[in-house]
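Asker: A single structure is presented below for examination.
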Amino acid sequence: MASVTLNINGVDRTIDDIDPSTPLLWALRDHLGLVGTKYSCGVGECGSCMVLLDGAPLPSCLVSVDSLAGEAITTIEGIAEKDGSLHPVQEAWIEHDVAQCGYCQSGQIVAAVALLKSNPKPSDDDIKSAMSDNLCRCGTYKRIHEAIKTASKGGAA
Ligand code: FES
């Protein structure tokens, strides 16, 4: 067991007595109470556990906490502004009423934020490609696509 300090949403968080091989997903959910990041497939194939690592999407089920010291990790809880105002992607999600059951949606939003940060005006093909690792059992793909288009028009990211 070890003590690990992670930078989560701009704040250093120390976890004591944790197995250093613990996947980030479980550190977030079970040790830090950040349960917006969801467990689904557990093998990095569905996108439900997506977080940002220095702004790039990362399936948090795949990476152990001991490899993340000094890295900036952003979870769904850190996507909105510090004053509580929503990120343009979140605003677009509401406008398009994207979520159905909602289970996959934190990972979808995180992936969309990463896309627009790296490519503020994505083409349809860019969106399809960037979001292809995020699965939705409810089939909300069309609304996700439209919400990303709307956020991109508003200058999201
Ligand atoms: Fe239900 Fe995506 S909204 S899994």
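Nothing in this text is a laboratory measurement; each read-out follows from the coordinates by a stated rule. These numbers were taken from a predicted model, which means no experiment stands behind them. So basically every Cβ, Gly included, is an ideal-geometry build from the backbone, and we count neighbours across all protein chains shown.
Asker: Around residue 3, under 14 Å between beta carbons, what's the net of Lys plus Arg minus Asp minus Glu among the other residues?
Answerer: The answer is -4.
Asker: Considering only 11, 89, 113, give the residue with the highest GNM mean-square fluctuation for the chain, with springs between Cα atoms whenever their separation is below 10 Å.
Answerer: Most flexible of the set in this elastic network: 11.
Asker: Which residues' amide hydrogens lie under 5 Å from the amide hydrogen of residue 2, considering only partners 5 or more residues apart or on another chain, with H built in the peptide plane?
Answerer: 17, 18, 19
Asker: Restrict the search to region 28-84; then list the trypsin sites (Lys or Arg not before Pro) that DSSP places in a loop and that have at most 16 other Cβ atoms within 10 Å of their Cβ.
Answerer: Here the sparse-neighbourhood loop sites are 82.
Asker: Another question, then. From the P(r) of region 8-157, can you give the percent of Cα pairs sitting at distances over 26 Å?
Answerer: 22
Asker: D for region 1-92, whole µm²/s, Stokes-Einstein with Kirkwood Rh over alpha-carbon pairs at 10 °C and 1.306 mPa s: what number?
Answerer: This corresponds to a translational diffusion coefficient of 118 µm²/s.
Asker: Full extension from residue 1 to residue 62: what is 0.36 nm times the residue separation minus their Cα-Cα distance, to one decimal in nm?
Answerer: In short, 20.0 nm is gained.
Asker: Can you compute the charge dipole magnitude of the chain about its Cα centre, using +1 on each Lys and Arg Cβ and -1 on each Asp and Glu Cβ, nothing else charged? Give it in debye, rounded to the nearest 20.
Answerer: 520
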